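To keep things clear, I will list the structure first and then write my remarks on it.
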Amino acid sequence: MLPPYNQPPAAFPPPDAAVAMLGLTRSFGQKVAVNGLTLAVRRGEFFGFLGPNGAGKSTTIKMLTGLLRPSSGQAWVGGVDVWRDPIRAKLNMGVLPEQLNLYDRLSGRELIQFAGRLYDLPRAEVNRRTESLLNVLMLGDDADKLVVDYSVGMRKKIALAAALIHRPSVLFLDEPFEGIDPVSSRVIADILRDLTASGTTIFFSSHIMEVVEKLCTRVGVIENGHLVAEGTLAELRQRAGASGGTLEDVFLDLVGANTREGGLEWLE
């Protein structure tokens, strides 16, 4: 059972919800990737969205950000129905997807500026924010290189800069620390903490449990398209019966992971 906050009341979404979904479902033929997901994330939360590979995390994020139409159900971002008013909803959000599709023949600086102009920001403000983002993300020396020549970590950082240029109220991050070096990871983590401190809501999917445990104020766990648990880490520990365990221990308990040994004796 979901906590009371996420029970669908007569009026949904709740007034303090930055991200909400009601009965969100997506099928691919006979495969139900996300099955009747109902969840609400409060404004200013750093919300971790966890699950095994194939659990439905990326599919959910794609439906929330207008990249994949649900088979049924509704989604709201910033109080706006994503599929009834997609343009207004997308003005509220910044998105860093797991699979980056960038304009490789633009320089890093040009890519950020292009994103800013898409949101109709004044040119002078776009330039000011672009230089600030390049400096904070340690991309200043490579700003005029083509994105095609960027490393995986640099591509991730330039995509994050493009997602932040318009100062979104909700930021969706799908595996943002994958391929990032420790120094850049610390910089990005500090930026994300500052954003939530100033009221930005972050919806964050990652397989790196230590990062989730350090950053997130609340966590939701999805398994086979169903939300199996949601709450603070302390609440999840209580539910999983792992009062002293790490988030990884709680996660493995909640999803019923099989961590048994054996079966590869031929390697010995």
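The values are calculated or read from the model by the stated rules, or taken from the named source; none is laboratory data. Predicted model, so just to flag it, every value in this text is computed and none were measured. All Cβ positions, even for glycine, are placed from backbone atoms using ideal geometry, and neighbour counts span all protein chains on display.
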Suppose we keep only residues that are more than 21 Å from the chain's Cα centre (by Cα) and touching a residue at least 24 places away in the same chain (Cβ under 8 Å) within segment 101-110. Which one would you say is surrounded by the fewest Cβ atoms within 10 Å (Cβ to Cβ)? ARG105
Out of the residues in segment 137-153 that are in contact with an Asp or Glu (Cβ under 9 Å, 6 or more places away or on another chain) and in a helix (DSSP H, G or I), which is nearest to PRO182 (Cα to Cα)? GLY153
Are there any pairs with C-beta distances below 8 angstrom linking a residue in segment 245-257 that is modelled with pLDDT of 75 or more to a residue that is of a type in the set (Val, Ile, Thr), with the two at least 6 apart or on different chains, and if so which? LEU247/VAL212; LEU247/VAL219; PHE251/VAL221; LEU252/THR259; LEU254/VAL221; LEU254/VAL228; VAL255/VAL221; VAL255/VAL228
Can you tell me which condition GLU98 does not meet? The list is (1) in contact with a helix residue (DSSP H, G or I) (Cβ under 7 Å, 6 or more places away or on another chain); (2) buried (at least 19 other Cβ atoms within 10 Å of the Cβ), and all the others hold. (2)
Tally, over segment 85-128, of residues that are assigned to a strand (DSSP E or B) and among the hydroxyl-bearing types (Ser, Thr, Tyr): 1
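So that you can scan it fast, the table gives a plain yes or no per residue for (1) among the acidic types (Asp, Glu); (2) surrounded by fewer than 13 Cβ atoms within 10 Å (Cβ to Cβ); (3) modelled with pLDDT of 95 or more:
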| residue | (1), (2), (3) |
| --- | --- |
| ARG84 | no, yes, no |
| ILE87 | no, yes, no |
| ASN92 | no, no, no |
| GLN113 | no, no, yes |
| ALA124 | no, yes, yes |
| ASN127 | no, no, yes |
Selection from segment 154-189 of residues that are assigned to a helix (DSSP H, G or I), surrounded by fewer than 17 Cβ atoms within 10 Å (Cβ to Cβ) and more than 16 Å from the chain's Cα centre (by Cα): PRO182, VAL183, ARG186, VAL187
Under the condition of being assigned to a loop (DSSP other than H, G, I, E, B) and at pLDDT 85 or above, which residue from segment 207-244 is nearest to ASP16 (Cα to Cα)? THR217
Within segment 29-49, the residues that are in contact (Cβ under 8 Å) with a residue 60 or more places away in the chain and either in a loop (DSSP other than H, G, I, E, B) or closer than 19 Å to ARG193 by Cβ (or both) are VAL41, ARG42, ARG43, GLY44, GLU45, PHE46, PHE47, GLY48, PHE49
Return the residue satisfying two criteria in turn: it lies in segment 229-239 and is surrounded by fewer than 17 Cβ atoms within 10 Å (Cβ to Cβ) and over 16 Å from PHE204 (Cα atoms), and of such residues it is farthest from the chain's Cα centre (by Cα). GLN238
